[in-house]
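Asker: Let me give you the structure first, and then I'll get to my questions.
The values are calculated or read from the model by the stated rules, or taken from the named source; none is laboratory data. Computed from a prediction, not measured in an experiment: that's the story for all the values here. Here the Cβ positions follow ideal geometry from the backbone for every residue, glycine too, while neighbour counts run over all protein chains shown. Protein only, heavy atoms only, side chains kept; ligands, DNA and RNA dropped before computing areas. Shrake-Rupley method; radii C 1.70, N 1.55, O 1.52, S 1.80 Å.
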Amino acid sequence: MTDEIILHGRGLDQPLPIDEARLSKEFAQVDDVVRRALDSNDLWPAIEAGRELLRTVQLKGVSLARLLSKLKRHWSQFGLEDTFEDIIVAEWGLSKHTIYKYISVYRAVFENPTVPEEVVPRLAEKPINTLNYLVRPVNENLITDREQWAAIADAEDTSTVRQLVRGWFGKSTRGRPPQKFLLYADGTLAFAEGDELRTLGLLKIREDDLQDPIVAKGIDILRRALGVREV
């Protein structure tokens, strides 16, 4: 399976309008931090303010992934004719590709029962693009124990996470053609290995089918277990 990097803030395919008053307030806060730093001849409060902004950006990325995942799971309960994808694309400016990347990251990391509770806050501190490196190995059951998750949580940067993940692949996975499961809008499930694509069957994923909670749960488990990409 292959996954591209997600960069929070670059997922928007269309700009969202920002209220002028809100923008002015944000800029005024930054200007105030800089002014106080200059008046006191002390850079470090400004450095800490920047660090806090980065924490906010990272947390918002994970929160957006959580929101997308939960809305997708409960969409049928809203009774809308429009699909989840149509509403999110139209209202948030996200592409379908970005939507399912965020959902994949959230479900692979924060809805994963193998992740120890004590490392969840440290994982939430990491940028979405870092967490994205975990989707494929999680879906391929390459990250399953507490020690692995602790090592990921302790990793200082994206490069370290990437090195850890590559180390757990082992020789048996190196050089293997990329594999992925694809789920099309009409319910067709396919499997691709390298450039070869084969149809496996048809899933019941229409809105009326998913009104059945057992069907909906089964489809969701299948998506997560196989790392299915919706196209």
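Asker: So how do 142, 200 rank on accessible area, 1.4 Å probe, biggest first, that is with the largest at the start? Mind showing how you got there, number by number?
Answerer: Values: 142 35, 200 100 Å².
Putting 142, 200 in descending order of accessible area: 200, 142.
Asker: In debye to the nearest 20, how big a dipole does the chain give about its Cα centre with +1 on each Lys and Arg Cβ and -1 on each Asp and Glu Cβ? Write down the numbers at each step before the final one.
Answerer: On the way: 32 positive and 37 negative charges, 151 e Å.
I would put it at about 720 debye.
Asker: Let me ask something else. Sort out the exposed loop trypsin sites (Lys or Arg not before Pro) in the chain (DSSP loop, at most 16 other Cβ within 10 Å) and tell me the longest stretch that has none.
Answerer: Details: sites that count: 10, 174, 204, 206.
In short, 11-173.
Asker: Just to be sure I understand the model, the point goes 7 Å from the Cα along the line to the Cβ. What's the resulting residue 40 to residue 182 distance in nm?
Answerer: Between residue 40 and residue 182, the simple spin-label model gives 5.7 nm.
Asker: If you don't mind, another one. Of 126/217; 101/126; 72/101; 72/204; 126/180, which pairs sit farther than 22 Å apart, going by alpha carbon to alpha carbon? Spell out each step's value before the answer.
Answerer: Working: 126/217 29 Å; 101/126 16 Å; 72/101 13 Å; 72/204 16 Å; 126/180 26 Å.
Table pairs above 22 Å Cα-Cα are 126/217; 126/180.
Asker: Give, in whole angstrom and from largest to smallest, the semi-axes √(5λ) of the equivalent ellipsoid of segment 15-56, with λ running over the eigenvalues of the Cα gyration tensor. Before the final figure, lay out the partial values.
Answerer: On the way: eigenvalues 110, 35, 5 Å².
Those come to 23, 13, 5 Å.
Asker: In addition: Can you send over the carbon and sulfur percentage of the accessible area for the chain, probe radius 1.4 Å, protein chains only?
Answerer: Details: 7890 of 14440 Å².
Summing carbon and sulfur atoms, their accessible area is 55 percent of the total for the chain.
Asker: Using 0.36 nm times the number of residues separating residue 28 and residue 150, minus their current alpha carbon distance, what extension gain do you get?
Answerer: Working: separation 122, 0.36 × 122 = 43.92 nm, distance 3.97 nm.
Full extension of this stretch gives 40.0 nm more.
Asker: Roughly how big is segment 28-97's charge dipole about its Cα centre, with Cβ charges of +1 (Lys, Arg) and -1 (Asp, Glu), in debye to the nearest 20? Don't skip to the answer; put the middle values down first.
Answerer: Working: 10 positive and 11 negative charges, 78 e Å.
Dipole about the Cα centre, nearest 20: 380 debye.
Asker: Now, a different point. With every protein chain kept in place and ligands, DNA and RNA left out, what is the accessible area per residue of the chain? Probe 1.4 Å, answer in Å².
Answerer: Working: 14440 Å² over 231 residues.
Ligands and nucleic acids excluded, the figure is 63 Å² per residue.
Asker: What FRET efficiency do you get for residue 166 and residue 125 if R0 is 22 Å and r is their Cβ-Cβ distance, rounded to the nearest 0.05?
Answerer: Values: r = 22 Å, r/R0 = 0.99.
Efficiency, from the Cβ-Cβ distance: 0.50.
Asker: Ignoring everything except DSSP H segments at least 4 long, calculate the 222 nm mean residue ellipticity for the chain; use -39,500 (n - 2.57) per segment, divide by total residues, nearest 500. Don't jump to the answer; show the numbers that get you there.
Answerer: Numbers: 10 runs with 124 residues, N = 231.
Taken over the chain, the calculation gives -17000 deg cm²/dmol.
Asker: In nm, give the distance between the simple-model label positions of residue 110 and residue 56, each being 7 Å from the Cα along the Cα-to-Cβ direction.
Answerer: Distance between label points: 1.8 nm.
Asker: Starting from 0.36 nm per residue, how many nanometres of slack lie between residue 196 and residue 67 once their C-alpha separation is accounted for? Write down the numbers at each step before the final one.
Answerer: Details: separation 129, 0.36 × 129 = 46.44 nm, distance 3.44 nm.
So the chain would gain 43.0 nm between residue 196 and residue 67.
Asker: Can you give the extra length, in nm with one decimal, that the chain gains between residue 95 and residue 214 once fully stretched, where that is 0.36 nm per residue apart less the Cα-Cα distance?
Answerer: Working: separation 119, 0.36 × 119 = 42.84 nm, distance 2.89 nm.
The residue 95-residue 214 span can extend by a further 40.0 nm.
Asker: Tell me which label goes with the value of Kirkwood radius over Cα pairs in Å computed from the coordinates here: (i) 19.0; (ii) 19.9; (iii) 19.5.
Answerer: Correct label, based on the coordinates given: (ii).
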